[in-house]
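Engineer: Quick one: this structure, given as structure tokens, is what I'll be asking you about.
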Amino acid sequence: MSSQGGTRAVVAALIANAFIAATKFGAWALTGAASMLAEGVHSVADTSNQILLLRGGRTAKQEATAEHPFGYGRARYISAFMVAIILFSLGGLFALYEALHKYEEVVGGHPNELLEGGWWWVPIVVLVAAIIAESFSFRTAIRESLHVKGSQSWPRFIRTSKSPELPVILLEDFAALLGLVFALLGVGLTLITRNGLFDVAGTAFIGVLLILVAITLAVETRSLLLGEAATPEAVGAITKALVAADGVERVIHLKTLHLGPEEVLVAAKIAVEPTSSARRVAEVINNAEVAIRTANPMVTALYLEPDIDRGAAS
């Protein structure tokens, strides 16, 4: 995946969420609606997450050092994992806490600021405007994802993508839109029925939604942090290139590892033609290296071990 596409989606989401967060907190200050506060914190969490993703992308571009000889590509995975933690704690758990707090107030007979004040229309306007703004951000994420998704289904794309930015933004924007719908329903039904429990329910649904998204992100990012192999298509292309290289008889075994979204380590043991010439073996290895990097330019670390095919020799 081109990292530029992911960056565009992140920047679009950052601008949208920063604006939306300010309007939601303003609506909460005027009305006291719990779902507005939960949505405001949700937008703050999303804004922080986009900053983390941009920071991870910048760190990943640093040159390799003696302390980090394979570079900093996994910084993007770490940022994505931190996004999941923020969504779970600052977003989901806070929304559930606020729902419980408002529930106790409603059951205890406290006056509902949303119903008592004269600003009842404010959260409706803010939520509708937020849905429109979030839709533009979501559309940008979808458009950028289509360039790399191919024929895969959306769930498979999110599960198998080696670049975390687009799946994170897709899930965040989807959760944001669904959360806004929950908030709009909660506030709207509270105003219509004059029953504050609908506002509580909307807030609780937002919390549960964010926790589910956070868990999904954490599971997928954890797999990337542990180290995933290159895609079967990439492994097939590398194997084919090796076998076709001059002097390589077959691939004995091959292992790959994503050091970052666009950086792959390849380690292979290859059978070369029997020869007593070290120069010829070195030539075969060099040919194989060129073939691999031509087949997959993402290969940044490459280790080849030559051997004699004992079965063929006998």
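Please treat every number below as a calculation from the coordinates, not as lab data. Everything numeric here is computed off the predicted structure, so don't read it as measured data. Neighbour counts are summed over all protein chains in view; Cβ atoms, including those assigned to glycine, are modelled from backbone coordinates with ideal geometry.
Engineer: For the chain, how big is Rg over Rh, using alpha carbon atoms and the Kirkwood form of Rh? Spell out each step's value before the answer.
Structural biologist: Values: Rg = 26.0 Å, Rh = 22.0 Å.
Looking at the chain, the ratio lands at 1.18.
Engineer: How many percent of all Cα-Cα pairs in the range 191-252 sit more than 18 Å apart? List each step's numbers first, then the result.
Structural biologist: On the way: 1262 of 1891 pairs.
That tail contains 67 percent of the Cα-Cα pairs.
Engineer: Let me ask something else about it. Using +1 on the beta carbon of Lys and Arg, -1 on that of Asp and Glu, and nothing else charged, what's the dipole of the chain about the Cα centre, debye to 20?
Structural biologist: On the way: 24 positive and 28 negative charges, 107 e Å.
Dipole magnitude for the chain comes out near 520 debye.
Engineer: Can I ask one more? Give me the dipole magnitude in Debye, nearest 20, for the range 15-101 about the Cα centre, with unit charges on the beta carbon: positive for Lys and Arg, negative for Asp and Glu.
Structural biologist: Numbers: 6 positive and 5 negative charges, 48 e Å.
Once rounded to the nearest 20, the dipole reads 240 debye.
Engineer: Can you list the lysines whose alpha carbon is less than 19 Å from that of residue 102, not counting same-chain residues fewer than 8 positions off?
Structural biologist: Cα-Cα hits under 19 Å: 24.
Engineer: To continue, here is another question. Around residue 21, under 15 Å between beta carbons, what's the net of Lys plus Arg minus Asp minus Glu among the other residues?
Structural biologist: Details: positive: 24; negative: 39, 46, 134, 172, 173.
Cβ neighbours under 15 Å give a net charge of -4.
Engineer: With the Cα gyration tensor of the range 161-205 in hand, give its eigenvalues times 5 under a square root as the equivalent ellipsoid semi-axes, listed largest first in whole angstrom.
Structural biologist: Listed largest to smallest, the semi-axes of the range 161-205 are 31, 8, 4 Å.
Engineer: Picking from 31, 59, 193, which is most flexible by a Gaussian network model of the chain using Cα springs under 10 Å?
Structural biologist: Checking each option, the largest mean-square fluctuation is seen for 193.
Engineer: Just need log10 I(q)/I(0) for the range 145-239 at q = 0.18, 0.21 Å⁻¹, Debye formula, equal scatterers on the alpha-carbon atoms, no solvent, rounded to two decimals.
Structural biologist: -0.86, -1.02
Engineer: Let me ask another. For the range 182-293, what size does the Cα cloud have along each of its three principal axes, sorted from largest down, in whole Å?
Structural biologist: 89, 20, 17
Engineer: Hey, another quick one. Compare 256, 294, 190 in a GNM of the chain, Cα atoms joined below 10 Å, and give the one with the largest fluctuation.
Structural biologist: Maximum among the listed residues: 294.
Engineer: Just going by the charge dipole of the range 232-313, with Lys and Arg at +1 and Asp and Glu at -1 on Cβ, which of 306, 295, 256 is farthest out on the positive end?
Structural biologist: 306
Engineer: Then there's this: Counting other C-beta atoms within 10 Å, which of 78, 192, 308 has the fewest, and how do the rest follow? It would help to have the intermediate numbers written out before the result.
Structural biologist: Details: 78 19, 192 9, 308 13.
By the 10 Å Cβ count, ascending, the order reads 192, 308, 78.
Engineer: Using a 10 Å cut-off on Cβ atoms, rank the peptides 171-179, 147-155, 7-15, 121-129 from the highest mean neighbour count down.
Structural biologist: Working: 171-179: 23.2, 147-155: 11.6, 7-15: 20.9, 121-129: 19.3.
Result, highest mean Cβ count within 10 Å first: 171-179, 7-15, 121-129, 147-155.
Engineer: Still on this structure, I have one more. Over the chain, with a Gaussian network built from C-alpha contacts below 10 Å, which listed residue (93, 226, 180) shows the highest mean-square fluctuation?
Structural biologist: 226
Engineer: Turning to a different aspect of this structure: Suppose we keep just the alpha-carbon trace of the range 232-313; what are its Rg and Dmax in angstrom?
Structural biologist: 12.4, 40
Engineer: Lysines near residue 149 by alpha-carbon distance under 20 Å, same-chain residues fewer than 8 away left out - which ones?
Structural biologist: By straight Cα distance, residue 149 reaches 162.
Engineer: Counting only other residues whose beta carbon sits under 11 Å from that of residue 173, what net charge do I get with K and R as +1, D and E as -1?
Structural biologist: Details: positive: 139; negative: 46, 134, 172.
Value of the local net charge: -2.
Engineer: Cα to Cα, under 18 Å, and not fewer than 8 places away if on the same chain: which lysines meet these conditions relative to residue 240?
Structural biologist: By straight Cα distance, residue 240 reaches 255, 269.
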